Amino acid sequence: MYTTSDFRNGLKIEFEGDPYVIVYFQHVKPGKGGAFVRTKLKNLKTGAVLEHTFRSGDKVNRPDLEDRDMQFMYRMENACHFMDTATFEQIYLDDGHVGDAGNYLVENLAVKILFYRGEPIGIELPIFIELQVAETEPGMRGDTVSGGNKPAKLESGAVVQVPLFLNTGDRIKVDTRTGTYIERV
């Protein structure tokens, strides 16, 4: 069990029978009355965000969550197929469970799949991924220091703003948390 003193951003808890992750918390000690913790919780199954206030010292359960290392195999219709790297068991997740992570999936990418009570509920990508630029406007001579950006479609289908000097076929590093260009590889 967790108490409110254990709360931190990113902590996964079980609240009202569902797994949640703490997106934001603030410990408040008013002049009168007891201390409390104001939180924003994101449901790991549905993605819904709710605000809840816990009294100081309240206890919440640890969720029955498990991370498994898996490898993305392929996308078919509106489902993504993954293979467990330890047991070679294959599972699929529909686009609703994959969410925005589907924009960065390429064959053989190693990911972590989050399971709640044995059922897959979400996906966690590596923080940085190297992808190839599939389509962008050609770079112009002298654009290396102007600081401008242009859209580039990556091999995974995601569209990222990149510097003007990048061309089709270049490999770049992308931050999957924010969807931003980091550097050319």
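Tabulated data
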read-out: Cβ-Cβ under 7 Å pairs, at least 6 apart or on other chains, segment 19-37 side touching a residue at least 60 places away in the same chain (Cβ under 8 Å), far side surrounded by 12 or more Cβ atoms within 10 Å (Cβ to Cβ) and not charged (D, E, K, R); value: 19/44; 19/63; 19/65; 19/116
read-out: Pairs with Cβ under 7 Å, 6+ apart, first in segment 159-185 and touching a residue at least 40 places away in the same chain (Cβ under 8 Å), second exposed (fewer than 13 other Cβ atoms within 10 Å of the Cβ) and not in a strand (DSSP E or B); value: 171/185; 172/185; 173/185; 175/127; 176/126; 176/127; 177/127
read-out: Residues of segment 58-92 classified as of a type in the set (A, V, I, L, M) and out of contact with any strand residue (DSSP E or B) (no Cβ under 6 Å at 6 or more places or on another chain), total; value: 2
read-out: Check on residue 121, within 15 Å of the chain's Cα centre (by Cα) and either of a type in the set (Gly, Ala, Ser) or open to solvent by less than 30 Å² (accessible area, probe 1.4 Å) (or both); value: yes
read-out: Tally, over segment 146-161, of residues that are modelled with pLDDT under 90, more than 17 Å from residue 101 (Cα to Cα) and open to solvent by less than 40 Å² (accessible area, probe 1.4 Å); value: 2
read-out: Of residues in segment 55-105 being open to solvent by less than 40 Å² (accessible area, probe 1.4 Å) and in a loop (DSSP other than H, G, I, E, B), the one farthest from residue 35 (Cα to Cα); value: 105
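The values are calculated or read from the model by the stated rules, or taken from the named source; none is laboratory data. Because the structure is a prediction, the values reported are computed rather than measured. Don't worry about glycine lacking a Cβ; one is built from the backbone with ideal geometry, like all the others, and counts go over all protein chains shown. Note: accessible area is taken over every heavy atom of the protein model, side chains too, but ligands, DNA and RNA are not part of it. Shrake-Rupley method; radii C 1.70, N 1.55, O 1.52, S 1.80 Å.
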